[in-house]
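Down below is the structure, laid out as structure tokens.
Nothing in this text is a laboratory measurement; each read-out follows from the coordinates by a stated rule. These numbers come from a predicted model, not from an experiment. Cβ sites come from the backbone with ideal geometry, for glycine too, and all protein chains shown count toward neighbours.
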Amino acid sequence: MRQRAARDQQRLDSGAVTSPKDLENLQREIASLAKRQGDLEDVVLEVMERIESVQERVRELTERVFSVQSKIDDATARRDAAFEEIDGEVATVTKEREVIAATIPADLLKLYDKLREQQGGIGAAKLYQRTCQGCRQELAITDINEIRAAAPDTVVRCENCRRILVRTAESGL
């Protein structure tokens, strides 16, 4: 467009066009080309501004992505460390359970394992102030009297949830 405008201006300045009508048309075309060039330059400037704005937004979002990824990496590392710690505790507790389980009569251990499977992992519960800590139900006075009368080595069970009750000094007997 610039070349065409320069060529037309050169034709106008050279005096090669002698017809007044052609001169007028040439001047209008030069003015039209100048206006069109100005409009296109405005569009180019607007596009450049938009590009700058978009590039800035891309930089901001890239920084946010790096920040979020950093947080994810940190959380993943903490999670993995916690898993390792939990796995270590599980191994230790499993060994301790095996040692203790060896000292418990086989029929009681079988009952406990069966109850544990039925009750979502808890086969025995503490009797605390006349309340079963497995089902959180207070035992009836008749049940408390039966437990009180039972020998210390007798296996007693909760009438509500059927878990084995572990009696302590805090049982309220």
I51 and A151 label points (each 7 Å along its Cα→Cβ direction) are spaced in nm at 9.5
Rounded to whole angstrom, the alpha-carbon centroid of the range 15-42 lies from that of the range 77-103 at a distance of 89
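Which trypsin sites (Lys or Arg not before Pro) does the range 68-173 hold that lie in a coil by DSSP with at most 11 other beta carbons within 10 Å?
On the way: sites: K71, R78, R79, K95, R97, K110, K114, R116, K126, R130, R136, R148, R157, R162, R163, R167; in loops: R130, R136, R162, R163.
In loop regions of the range 68-173 (DSSP not H, G, I, E or B), the sparsely surrounded trypsin sites (Lys or Arg not before Pro) are R136.
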Both in Å, the radius of gyration and Dmax of the C-alpha trace of the range 73-173 are 17.6, 59
Taking Cα atoms only, helix 20-101 is inclined relative to the longest principal axis of the chain by an angle, in degrees rounded to 10, of 10
The answer for GluC sites (Glu not before Pro) in the range 144-173 that fall in a DSSP coil and have at most 12 neighbouring Cβ atoms within 10 Å is E170
Helix 2-14: inclination vs the chain longest Cα principal axis, degrees, rounded to 10, gives 10
The helix 106-118 Cα axis meets the longest alpha-carbon principal axis of the chain at an angle in degrees, between 0 and 90 and rounded to 10, of 40
Between [x] 27; [y] 33; [z] 66, the structure-derived percent of Cα pairs over 27 Å apart is [z]
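Could you work out how much longer the chain between L111 and Q137 gets when fully extended? Use 0.36 nm per residue separation minus the Cα distance between them, nm to one decimal. Don't skip to the answer; put the middle values down first.
Details: separation 26, 0.36 × 26 = 9.36 nm, distance 2.14 nm.
Length gained between L111 and Q137: 7.2 nm.
Stretch Q9-L173 to full length: gain in nm at 0.36 nm per residue minus the Cα-Cα span?
Values: separation 164, 0.36 × 164 = 59.04 nm, distance 11.44 nm.
Extra length available between Q9 and L173 comes to 47.6 nm.
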